[in-house]
Ligand SMILES: [Zn+2]
Ligand SMILES: [Zn+2]
């Protein structure tokens, strides 16, 4: 192949600029306006955007007050109905109505996909059944599968880390993920695969250590390779989530080590998402934006 043809090939493979992981006010932890988010996506030259709102069925109520306390920090804005809904759920009918209005306004300038980010929980047949029914009924274009809780504990807060220690909690996170990936065969992309490393408290690890991510991978390689093998075989994608680059870990998800394993195992189906929770962040870190 000539250099020119090679450049064209590379260009066409990446010609679709997408942000397939965006939150708006339908997510418990976002106050973003869908129209403003679409306008930002158009301004940044994206070809498609997916609104993937949080749904974490039976998210522990004990965290409601902590979430309320975080309101206003890091651009977070709670939904006006915050106290009237189970945490991390939304009115799906209202969501599709808003999506329809936004498509009518902007649909000729950008492709607007429906989506949902499902919080996966191992061994919960009730949740598995509920999610199957939801996606059968609503036919979302993008279904992200995420692990946000480790054995029902929230790694976002330092308590779980203090209780279990870094190695044990990270190990359990990937164990939970392996169980879930085995059970939930219907998500279209596995989101932020090493999300948990974002929240290890500073006193437990040296994030600046160059071998930190290598260590996380090598300690969990068997489990991670199994997870990757399952999604590759089923044709489910792996998400490149750029949010990590703007957090304390200063690196996109997945780490280089996990990405190398994915490629080694034959994976070639990636989706890109900013995980924006407010409009200014849409497209951040994708395609050098
Ligand atoms: Zn997530
Ligand atoms: Zn998200």
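The values are calculated or read from the model by the stated rules, or taken from the named source; none is laboratory data. Model, not experiment: these values are computed from the prediction. Note: ideal-geometry Cβ built from the backbone for every residue, glycine included; neighbour counts use all protein chains shown.
Points to keep in mind about this one:
- Across the stretch 27-59, the qualifying residues are those that are in a loop (DSSP other than H, G, I, E, B), away from ligand 1 (no atom under 14 Å from the Cβ) and closer than 23 Å to residue 72 by Cβ, and the one among them that is modelled with the highest pLDDT is 33.
- Members of the stretch 250-289 that are at negative phi, outside any helix (DSSP H, G or I) and within 16 Å of ligand 2 (Cβ to nearest atom): 252, 253, 254, 271, 272, 273, 274, 276, 277, 278, 282, 284
- Test: residue in the stretch 113-123 that is on the phi > 0 side of the Ramachandran plot and at pLDDT below 95: no
- Residues of the stretch 232-248 satisfying the condition of being outside any helix (DSSP H, G or I), within 16 Å of ligand 2 (Cβ to nearest atom) and modelled with pLDDT under 95: 247
- Hey, residue 87 within 16 Å of ligand 2 (Cβ to nearest atom), assigned to a loop (DSSP other than H, G, I, E, B) and under 29 Å from residue 227 (Cβ atoms) or not: yes
- Count of residues meeting criterion [over 14 Å from residue 253 (Cβ atoms), within 16 Å of ligand 1 (Cβ to nearest atom) and touching a helix residue (DSSP H, G or I) at 6+ places or on another chain (Cβ under 7 Å)] in the stretch 161-200: 2
- Residue within the stretch 212-227 that is within 17 Å of the chain's Cα centre (by Cα), within 15 Å of ligand 2 (Cβ to nearest atom), touching a residue at least 12 places away in the same chain (Cβ under 8 Å) and in a helix (DSSP H, G or I) present: no
- Among the residues here, residue 99 qualifies as more than 16 Å from ligand 2 (Cβ to nearest atom) and closer than 18 Å to residue 142 by Cα.
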